[in-house]
Amino acid sequence: MRYYSTKNSGQAFSFSEAALSGLAPDGGLFIPQVIPRYRETAKNSLLSMSFPEIAIETIMPFVEGEIPGSVLEDLCAEAFSFDAPLVPVNSGLDKPFSEPALMELFHGPTAAFKDFGARFMARTFSYLRRGAERPLRILVATSGDTGGAVADGFFGVEGISVTILYPKGRVSELQEKQIAGLGGNISALAVEGSFDDCQAMVKSAFTDRRLQEQLALSSANSINISRLIPQAVYYSAVAGKAQSGRCDSDGEATPRTASARGTAAGTTFGSSAPKTPVTFCVPSGNFGNLTAGLYALSMGAPIAGFIAATNINKTVPDYLESGEYKTRISRATISNAMDVGAPSNFERMASHWNHAELRQMIQGVFVTDDETRQTIKEVYQNYGYYLDPHGAVGWTAVKKTPDIAGNVVVAATAHPAKFSETVESITGPTPVPAAIKKALGRTAQAETIPVDLSALRDFLLST
Ligand SMILES: *Cc1c(COP(=O)(O)O)cnc(C)c1O
């Protein structure tokens, strides 16, 4: 597969070049020349394939000629050691049920959907860099949320070390432990400044001549194509199940009250006849997750369309309605991983599809904080299920969308215990999954540095 920049379709790149450089030389995002189609046999057996098998079918055409099948098998088995169960909001009924079901994307080690992309990217980098003379040094700035997924994704991965910069005192205790608690090939720097300062320091490190000469530096941010492609996998896997109205049992991390737990196995959902393709509702910020869903649809997974749910940072819903794309300064909300006024993946969506095509595939809906809180309360009271603020934006968006034909699945992007302050003020204590307990048991070990490139340079050259 060849890749092109969203800014200039002239120059072609390999998957390896696109993945390892992250951003194209002209500042654009990498997109594949074409979105491949599933083989008919694969499309017809989504329901019977395992999650790693679907991952191989999905990812293979994107990496053909660069990652051999046997290697991809190993990468997928390691990266996707957990899956994305499709669970009904009420586990107790054995009758078909018309509420949306949840695609739980938080069964990974940091309890949010970014684990899928980060774990695949890390192992892919390691393979693509095999035999390189110098180890790869990844530099990442985080405001708290993505840092944990990147740290965990790269932890223990051969030939790569990671340094994460975060604003000291401005991330939660859990986030700090996820970023700075692993040790080994992951180091953390607590910067005496803001997230913007961290980001500016990382940027200047990439253009620093001394660092460039001595280290093989790379980034691992969310616009990397090797993080996007693996996110298409769960849409296809869950679309296969949802089309037949078949749900999974609760997993260890499924956030339910004890009394609502227990009888989900074999539960069906859906108000319409089976065989209707599903509509996914995707809580969105930078729109990577939704773009991956559009890839799954284009590949031929049985998906009717998408609801793009945002908080009041509604740049994309406004664009879908008006055809005019106007970015703006982001505003703070309780679903803060989606506080994005200029979604980076929009460029990708707009390169693949025009406004009319996007409108055919996506309905945009925005949700306020008050509505989000109300939803967390209602879903808890009615079903004993704890939604996190991002999943709750998705749930609310479905309720605000009239006339959806067929089954609806809401992407639950994070475990509620990750946003316990907000959720617990509404529901009382939430269950805490094993992955979060494990992270909370660690000790954060970060070196504190001032906002100063030379401090960062010294650290990188001495470790
Ligand atoms: C990152 C994130 C989102 C937004 O995903 P995008 O791909 O940026 O649209 C939504 N929910 C949670 C919990 C996240 O961490």
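Observations, loosely collected:
- Residue check, Ile223 within 16 Å of the ligand (Cβ to nearest atom) and crowded, with 24+ Cβ neighbours inside 10 Å: no
- Segment 235-249: number of residues that are open to solvent by less than 10 Å² (accessible area, probe 1.4 Å), in a helix (DSSP H, G or I) and in contact with a Gly (Cβ under 9 Å, 6 or more places away or on another chain): 3
- Residues that are in a loop (DSSP other than H, G, I, E, B) and more than 29 Å from Ser204 (Cβ to Cβ) do occur in segment 119-141.
- Subset of segment 328-364 [small (Gly, Ala, Ser) and under 20 Å from Thr6 (Cα atoms)]: Gly341, Ala342, Ser344, Ala350, Ser351, Ala356
- Members of segment 9-50 that are of a type in the set (Lys, Arg), touching a residue at least 24 places away in the same chain (Cβ under 8 Å) and part of a loop (DSSP other than H, G, I, E, B): Arg37
- Taken over segment 409-427, the residue count meeting the criterion of being open to solvent by less than 20 Å² (accessible area, probe 1.4 Å) and more than 15 Å from the ligand (Cβ to nearest atom) is 2.
- Candidate set from segment 308-337 (those that are of a type in the set (A, V, I, L, M, F, W, C) and modelled with pLDDT of 95 or more); member that is nearest to Leu29 (Cα to Cα): Val316
- When segment 173-213 is filtered for residues that are surrounded by fewer than 22 Cβ atoms within 10 Å (Cβ to Cβ), outside any helix (DSSP H, G or I) and free of Cβ contacts under 8 Å to residues at least 60 places away in the same chain, the ones remaining, listed by number, are Gly184, Asn185, Ser194, Thr207.
- Residue count, segment 389-407 (criterion: on the phi < 0 side of the Ramachandran plot and surrounded by fewer than 24 Cβ atoms within 10 Å (Cβ to Cβ)): 7
- Of residues in segment 143-172 being open to solvent by 30 Å² or more (accessible area, probe 1.4 Å) and outside any loop (DSSP other than H, G, I, E, B), the one nearest to Leu215 (Cα to Cα): Ser161
- Within segment 314-331, considering residues that are surrounded by fewer than 24 Cβ atoms within 10 Å (Cβ to Cβ) and within 18 Å of Ser222 (Cβ to Cβ), the one farthest from the ligand (Cβ to nearest atom): Thr327
- Condition check for Ala337: crowded, with 19+ Cβ neighbours inside 10 Å and in contact with a Cys (Cβ under 9 Å, 6 or more places away or on another chain): no
- Candidate set from segment 332-359 (those that are in a helix (DSSP H, G or I) and under 22 Å from Thr372 (Cβ atoms)); member that is nearest to the ligand (Cβ to nearest atom): Ala337
- Residue, farthest from Ala111 (Cα to Cα), within segment 366-388, restricted to residues that are open to solvent by 20 Å² or more (accessible area, probe 1.4 Å) and within 16 Å of the ligand (Cβ to nearest atom): Phe366
- Flag if Asp83 is assigned to a loop (DSSP other than H, G, I, E, B), closer than 21 Å to Asn221 by Cβ and open to solvent by 60 Å² or more (accessible area, probe 1.4 Å): no
- Among residues of segment 71-80 being more than 19 Å from the chain's Cα centre (by Cα) and hydrophobic (A, V, I, L, M, F, W, C), the one that is most open to solvent (accessible area, probe 1.4 Å) is Val71.
- Number of residues in segment 101-135 that are more than 30 Å from Lys399 (Cβ to Cβ) and either open to solvent by 10 Å² or more (accessible area, probe 1.4 Å) or within 16 Å of the ligand (Cβ to nearest atom) (or both): the value is 16.
The values are calculated or read from the model by the stated rules, or taken from the named source; none is laboratory data. These numbers were taken from a predicted model, which means no experiment stands behind them. Don't worry about glycine lacking a Cβ; one is built from the backbone with ideal geometry, like all the others, and counts go over all protein chains shown. Surface areas here come from the heavy atoms of the whole protein model, side chains and all, with no ligands, DNA or RNA. Shrake-Rupley method; radii C 1.70, N 1.55, O 1.52, S 1.80 Å.
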